[in-house]
1. Hey, among the residues in region 153-188 that are outside any strand (DSSP E or B) and polar (S, T, N, Q), which one's most open to solvent (accessible area, probe 1.4 Å)?
2. So Ala139 ticks every box in (1) crowded, with 20+ Cβ neighbours inside 10 Å; (2) modelled with pLDDT of 90 or more but one. Which box is left unticked?
3. Condition first: within 21 Å of Lys129 (Cβ to Cβ) and either acidic (Asp, Glu) or surrounded by fewer than 23 Cβ atoms within 10 Å (Cβ to Cβ) (or both). Now tell me which residues in region 33-52 satisfy that.
4. Could you tell me which of the residues Thr156, Thr106, Thr113, Thr198 is touching a Lys or Arg at 6+ places or on another chain (Cβ under 9 Å) and at pLDDT below 90?
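The values are calculated or read from the model by the stated rules, or taken from the named source; none is laboratory data. As the structure is a computational prediction, the values presented were derived from the model and not from experiment. A quick note on method: Cβ atoms are made from the backbone with ideal geometry, for glycine too, and the neighbour counts reach across all protein chains shown. Note: areas computed on protein heavy atoms with side chains; ligands, DNA, RNA excluded. Shrake-Rupley method; radii C 1.70, N 1.55, O 1.52, S 1.80 Å.
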Amino acid sequence: MSRFSAAPKCPKCSKSAYANESVIAIGQTWHIACFACASCSKGLGRDASNACDNNGSPYCKACYGKIFGPKGIGFGSTLGDTGLASAETTKTSELSTQERTPPSTTPQQQQITAPANPKKLPRFGGAPKCAKCDKSAYANESINAINQTFHKACFTCESCNKGMGDNAANACDNDGKPYCKACYSKSFGPKGIGFGSTLGDTGAKIK
């Protein structure tokens, strides 16, 4: 594979997205400035796990729950189990969305405002360093997850060493280390009846 392969296109602005200004999420590469909720336009930062996917569009977790989550008593702003949102809540949400919607930006402005990690990103546009092996990780061989860049081959569970593929949402963060969901739940999840392999609320593991 050529080291000088063309950069992938950002699905929002259709322009080239280089490694030091992009994030890989929901199977696509985005400019960090373009990586925003499709509903409220709130920026989702550099962490791919902040986004929920619906038909290839990213949503923040709050908007995704409101739009695509369950309806009924105890969910969102529905009235009883009718699934009808209150008019006051809907109006407030629309006004809030308008206030948060940023003005359109030029590519030059995007480049200026995009955050960078000086510890991982070289000054002159080189590839960031893999958080596990500390070697250069180019866009076509890397994945951004838990606010760090990993080679896809290095993107493995810290506990069981199982590969976590191309989806950053497969990883749970603990102290900057990626864990698969099963190991994270066993190591850091709640203990007691119905949780993991504990007996009652004693915390003793099943042999």
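1. My answer is Asn161.
2. The number of the failed condition is (2).
3. Those that are within 21 Å of Lys129 (Cβ to Cβ) and either acidic (Asp, Glu) or surrounded by fewer than 23 Cβ atoms within 10 Å (Cβ to Cβ) (or both): Gly45, Arg46, Asp47, Ser49.
4. Thr198
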